[in-house]
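Asker: Handing you a structure now.
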Amino acid sequence: MTLRVTRAVLAPALLITLFLCASAATRQVACEGQKDWAMTVDVTVYPDGWADVSLIVDLSGEEAFVVLPVLGEPDLLLVTDGDGLPLNYTLEGDVLAVETLGASRVVASYQTSSLTSREGGVWEVTVDLDQADEVAIRIPGDAAIVGLSSAPEDLVPGADWVTLTFDGGSAWVAYVLEAPEAALESAQAGAEVTPQPEEGEGLLEEQVFGLPLLWVAAAVGVLILLLAAVLAVSRR
């Protein structure tokens, strides 16, 4: 019982201490030993500008708490371990304190619209997180890239997404999306166009080559019968 009470009392105190340490510098984790982990930032940007963000942190497994910076304004925040089990956390401004429970990996996932901006037809997505070791940005597959902060370490095109991976915690990508109207016009321009008949043309062809031919055939048949009858009578 004594151990449980002690942990219950110390946990808020540790969280407060970690917050004070994390907020001491501008977006820097100032507590000693707090950067004994590697962080990967994964950002998936949708056509409407909203993004799914995952902060993936690999730990030694000995940390009781870890303090993480938060990128953008999070919505629907969920913090789990490497097996997908929820972890306790406290969010204060742009600082996230997580009770790791000995986990070797912490994943903070959320949605945000604060990482993107649009001017005219050009979208921009910006990631600025000094503590990150790698940033992966995923944009729609039909996007055309028009600007980069630096050359990516890797670029993987795909039908649904284009993935750009940057070394370090800062990355900026500018791109444009093909408008639906433009895609429709392109499809129509590439399609084969079948000429439509002029008004009355189809009806004329039907009159010439359709029903009148039946009457001609019938008349020829009657004429043949009449000739046959005349020949028979004359022979008698």
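The values are calculated or read from the model by the stated rules, or taken from the named source; none is laboratory data. Note that the coordinates shown come from a computational prediction; the quantities given were computed from them, not determined experimentally. Cβ placement follows ideal geometry from the backbone for every residue including glycine, while neighbour counts extend to all protein chains displayed.
Asker: Go through region 56-91 and count every residue that is of a type in the set (D, E, K, R) and loosely packed, with under 14 Cβ neighbours inside 10 Å.
Answerer: So the answer is 4.
Asker: Please tell me if A151 is surrounded by 16 or more Cβ atoms within 10 Å (Cβ to Cβ) and aliphatic (A, V, I, L, M).
Answerer: No.
Asker: Taking region 115-171 as the region of interest, how many residues are under 15 Å from V45 (Cβ atoms), in contact with an Asp or Glu (Cβ under 6 Å, 6 or more places away or on another chain) and not in a strand (DSSP E or B)?
Answerer: The qualifying residues number 2.
Asker: Then there's this: Could you list, in sequence order, the residues of region 88-106 that are within 14 Å of G61 (Cα to Cα) and not basic (K, R)?
Answerer: Within region 88-106, V98, E99, T100, L101, G102, A103, S104, V106 qualify.
Asker: Given the options V122, V53, V95, name the one that is surrounded by fewer than 20 Cβ atoms within 10 Å (Cβ to Cβ), closer than 24 Å to A159 by Cβ and of a type in the set (V, I, T). So that I can check it myself, show each step before the final result.
Answerer: Numbers: V53 fails: surrounded by fewer than 20 Cβ atoms within 10 Å (Cβ to Cβ); V95 fails: closer than 24 Å to A159 by Cβ.
The conditions single out V122.
Asker: Residue under question is T163, and the condition is that it be exposed (fewer than 15 other Cβ atoms within 10 Å of the Cβ) and either modelled with pLDDT under 55 or within 19 Å of G49 (Cβ to Cβ) (or both); does it hold?
Answerer: It is false that T163 is exposed (fewer than 15 other Cβ atoms within 10 Å of the Cβ) and either modelled with pLDDT under 55 or within 19 Å of G49 (Cβ to Cβ) (or both).
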